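Before anything else, here's the structure in question.
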Amino acid sequence: MKRREIIAGLGSAGALALAAPLASHPARAATRPVRIGVLTDMSGPASDLSGPGSVIAARLAVADAGPVLGHPVEIVVGDHQLKPAVGAEIAARWYDTQD
């Protein structure tokens, strides 16, 4: 695996993690998880390089890190099928409909 591919995969996972805002109301925030989205190619030609391995790596990192400021961490997975339109639709759905 090339360094550039690894950095690109980690960068996109990090960007989605930063895009998920934490709740500002403390009483309600105690039960809400921090969601980290892994948007990757799970079934197409690039799945060998970044697909299921990225999801496993994210889950292992969450297991190592534990809760974030007392909030449980949840991994959300999306398969963009190496198609920009599909990836944009998944990201928009996550941003618009996920609490």
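Those residues that are surrounded by fewer than 17 Cβ atoms within 10 Å (Cβ to Cβ), touching a strand residue (DSSP E or B) at 6+ places or on another chain (Cβ under 9 Å) and not hydrophobic (A, V, I, L, M, F, W, C), I need them from the range 72-90; list them, please.
Across the range 72-90, the qualifying residues are P72, E74.
Among the helices (runs of 4 or more DSSP H) confined wholly to the range 1-65, which include 1 or more residues that are open to solvent by 100 Å² or more (accessible area, probe 1.4 Å) and at pLDDT below 60? Quick ask: steps written out before the conclusion?
Numbers: elements: 3-19, 26-29, 47-50, 52-65.
Ranges flagged: 3-19, 26-29.
So which residues in the range 83-97 are of a type in the set (A, V, I, L, M) and without any contact (Cβ under 8 Å) to a residue 12 or more places away in the chain? Walk me through it before giving the result.
Filtering the range 83-97 for residues of a type in the set (A, V, I, L, M) gives 85-86, 88, 90-92.
Selection gives A85, V86, A88, A92.
The values are calculated or read from the model by the stated rules, or taken from the named source; none is laboratory data. Quantities reported herein were computed from a predicted structural model and do not represent experimental measurements. Glycine also receives a Cβ, built like all others from the backbone with ideal geometry; neighbour counts cover every protein chain displayed. Ligands, DNA and RNA are excluded from the accessible area calculation, which covers all protein heavy atoms including side chains. Shrake-Rupley method; radii C 1.70, N 1.55, O 1.52, S 1.80 Å.
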